[in-house]
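Notes for the one structure printed next.
Computed from the coordinates by the stated procedures, all read-outs in this text should not be read as laboratory data. In this text the structure is predicted, and so the values were computed from the model without any measurement. Glycine also receives a Cβ, built like all others from the backbone with ideal geometry; neighbour counts cover every protein chain displayed.
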Amino acid sequence: MQELEHNHYLLYKPYGYLSQFVNNGPKKNTKKLLGELYDFAEETMAIGRLDEDSEGLLLLTTDGKVSYDICSGAIEKEYYAQVDGVITPAAIEKLLKGVEIGYNGKKYQTKPCKAFLLTEPPTLPERAKKIRDSRHGPTSWVSITLTEGKFRQVKKMTAAVGFPTLRLARVRIGKLHVNKMHPGEVILAENLLV
């Protein structure tokens, strides 16, 4: 029996796009969708999601098994978060141990993760919508690596330790890195070895 051939993609999801191909929500005609960025194969699905105002590496596939394997909780996902204020060592320590956030109307204790202050702002593409300027106070960047992915988890985690997220970019999934991709860029992959 011949194995079906699947399509796999790496995408730098730009700010302002939903991580989906169809929007049945109340603002369905005003939202930007992934299908506007590239002519993806039929049956293509996003592996996990990034919020509309988040950006960075998004994997897509036509293979449900690959999607399940990546979302299973064994694969690391690394994010760079620009936060309001200069994040403290105490806040980083709390992130490392896990914090309590709201999820599905209940309290949820996040798993321990990797987190550290980035001493220099990361090299990310300019964002179409400006974050803010220095008149509104200092910001800092933190790297957070998770193996889970609850709804808006990174944003909820930084807010829980007193440093709300202003900009969020996923830069790595397993061994796959966003490298120097540009917003909207798509790379066709033979397989997704993460």
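So which GluC sites (Glu not before Pro) in segment 64-165 end up in coil per DSSP with only 15 or fewer other C-beta atoms within 10 Å? Present the calculation step by step, with values, prior to reporting the outcome.
Numbers: sites: Glu76, Glu78, Glu93, Glu100, Glu126, Glu148; in loops: Glu76, Glu126, Glu148.
The qualifying sites are Glu76, Glu126, Glu148.
What is the log10 of I(q)/I(0) for segment 77-173, computed with the Debye formula using one identical point scatterer on each Cα and no solvent, at q = 0.11, 0.12, 0.17, 0.20 Å⁻¹?
-0.30, -0.36, -0.72, -0.98
For a paramagnetic label modelled at 7 Å from the Cα of Asn7 toward its Cβ, which residues of segment 164-194 fall within the zone defined by backbone nitrogen distances under 16 Å?
Answer for this model: 185-192.
In whole Hz, with x marking every Gly and Pro, tabulate ³J(HN,Hα) for segment 135-148 from phi via Karplus 6.51 cos²θ - 1.76 cosθ + 1.60, θ = phi - 60°.
Residue by residue, segment 135-148 yields 4, 8, x, x, 10, 8, 10, 10, 9, 10, 10, 10, 10, 10 Hz.
By a straight-distance test (C-alpha under 23 Å), which lysines pair with Lys107 as possible cross-link partners, with residues fewer than eight away in the same chain excluded?
Within the straight-line cut-off, Lys107 pairs with Lys77, Lys94, Lys97, Lys150, Lys155, Lys156.
From the Cα gyration tensor of segment 1-115, with a ≥ b ≥ c the square roots of its eigenvalues, which class applies: rounded if a/c is under 1.5, or else prolate if a/b is larger than b/c, or else oblate?
Because a/c hits 1.5 or more and a/b exceeds b/c, segment 1-115 counts as prolate.
What GluC sites (Glu not before Pro) does segment 8-53 have in DSSP loop regions with at most 13 other beta carbons within 10 Å?
Loop-located and lightly packed - Glu42, Glu43.
In percent, how large is the relative contact order of segment 112-160, given Cα pairs closer than 8 Å and 6 or more residues apart?
Value for segment 112-160: 53 percent.
Between Ala41, Ala128, Ala115, where does the largest GNM mean-square fluctuation fall for the chain, given springs only between Cα atoms within less than 10 Å?
The residue with the greatest mean-square fluctuation here is Ala128.
Excluding Glu185 itself, calculate the net charge of residues whose Cβ lies under 12 Å from the Cβ of Glu185, where each Lys or Arg counts +1 and each Asp or Glu counts -1.
Working: positive: Lys13, Lys180; negative: Glu55.
Its environment carries a net charge of +1.
Express in nm, to one decimal, how much length is gained between Val86 and Leu33 on full extension, taking 0.36 nm for each residue of separation and deducting their alpha carbon distance.
15.7 nm
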